[in-house]
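Novice: Structure below; questions to follow.
The values are calculated or read from the model by the stated rules, or taken from the named source; none is laboratory data. All figures in this text were calculated on a predicted structure; none of them were measured in a lab. With ideal geometry, Cβ positions are generated from the backbone for all residues, glycine too; neighbour counts draw on all protein chains shown.
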Amino acid sequence: MKNKVSCIIPAYNEESRIANVLKVVENHPILDEVIVINDGSTDKTADVIRRFKVTFIDKKKNQGKSIAVMTGIQKSKGDIIIMLDSDLSGLTKKNVTDLVNPVLKNEADMTLSLRRNSLLIYKLFGNDFISGERAFRRDFIKNYSVLKKLPGYGIESFYNEQAIKKKYRIKIVDFSNVILANKSDKIGFWKGNLGEIKMVMQIFKMIGFFRFFYIFFKMNSMRV
């Protein structure tokens, strides 16, 4: 029996960027459903989403990425989950297929993207372990309500911890044609860089400074 694939896309104030992603996933042959969660955006993100043939969850209050993703996964019906950020440019249908196929074909337990503008250290080691683009089986986590307890930027770190615990086979997927918008591009240099610092601090608070590097190198050793 064919494994069904659900695509989960959380979005917050991405009216000028999200269409770049939705036009790729809409009617994609490998995806059985696309669920987009508008996480309390104050711009016209919701209006853009409504133009596409996707399942739309419109949250009136911003609660952070972790809860938005949890909401989408709980709504989904697929055996395989693919997560995509909503602020990507250059994404193609092939990228989506390449991210899903290793899990679909049981060649890997989790996939991660390596984007064109991933940090240099990630490129050198070939592993962007905090990437928001990844695929995995639904039963990766038994109870997704645990995501409610995570900080806003903690979901990728949580997934990494689970992958290490379960000794997952990890496949890195080339996304060298894809760029993730920087926060400074969205909200200005100072606010953007403060936002990046806040994100890193939340990750360190969740897993600790030294464990951050342990997870990075451990996941690198788990690649297939």
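Novice: Is the stretch 159-181 home to any residue that is basic (Lys, Arg), at pLDDT below 80 and assigned to a helix (DSSP H, G or I)? Don't jump to the end; show me each part of the working.
Specialist: Filtering the stretch 159-181 for residues basic (Lys, Arg) gives 165-167, 169, 171.
Subset that is at pLDDT below 80: none.
No, because not a single residue in the stretch 159-181 is basic (Lys, Arg), at pLDDT below 80 and assigned to a helix (DSSP H, G or I).
Novice: What helices (runs of 4 or more DSSP H) completely inside the stretch 29-130 contain at least 1 residues that are among the aromatic types (Phe, Trp, Tyr) and either more than 13 Å from the chain's Cα centre (by Cα) or farther than 21 Å from Glu156 by Cα (or both)?
Specialist: 120-125
Novice: Looking at the stretch 41-68, which of the residues that are of a type in the set (Gly, Ala, Ser) and in contact with an Asp or Glu (Cβ under 9 Å, 6 or more places away or on another chain) is surrounded by the fewest Cβ atoms within 10 Å (Cβ to Cβ)? Before you say what the answer is, go through the steps one by one.
Specialist: The initial filter retains those residues of the stretch 41-68 that are of a type in the set (Gly, Ala, Ser), namely 41, 46, 64, 66, 68.
Checking the rest, the ones that are also in contact with an Asp or Glu (Cβ under 9 Å, 6 or more places away or on another chain) come to 41, 46, 64, 68.
Working: Ser41: 22, Ala46: 18, Gly64: 21, Ala68: 26.
Restricting to residues being of a type in the set (Gly, Ala, Ser) and in contact with an Asp or Glu (Cβ under 9 Å, 6 or more places away or on another chain), the top hit is Ala46.
Novice: Evaluate the following for Lys166: is it within 21 Å of Gln63 (Cβ to Cβ) and more than 15 Å from the chain's Cα centre (by Cα)?
Specialist: On the way: within 21 Å of Gln63 (Cβ to Cβ): no; more than 15 Å from the chain's Cα centre (by Cα): yes.
So Lys166 fails the test.
Novice: Under 6 Å by Cβ, and 6 or more places apart or on different chains, what pairs join a residue from the stretch 18-36 that is over 12 Å from Val96 (Cβ atoms) with one that is in a loop (DSSP other than H, G, I, E, B)?
Specialist: Short answer, once both residue conditions are applied: Ile18/Ser86; Asp32/Lys4; Asp32/Gly78; Ile35/Ser76; Val36/Val54.
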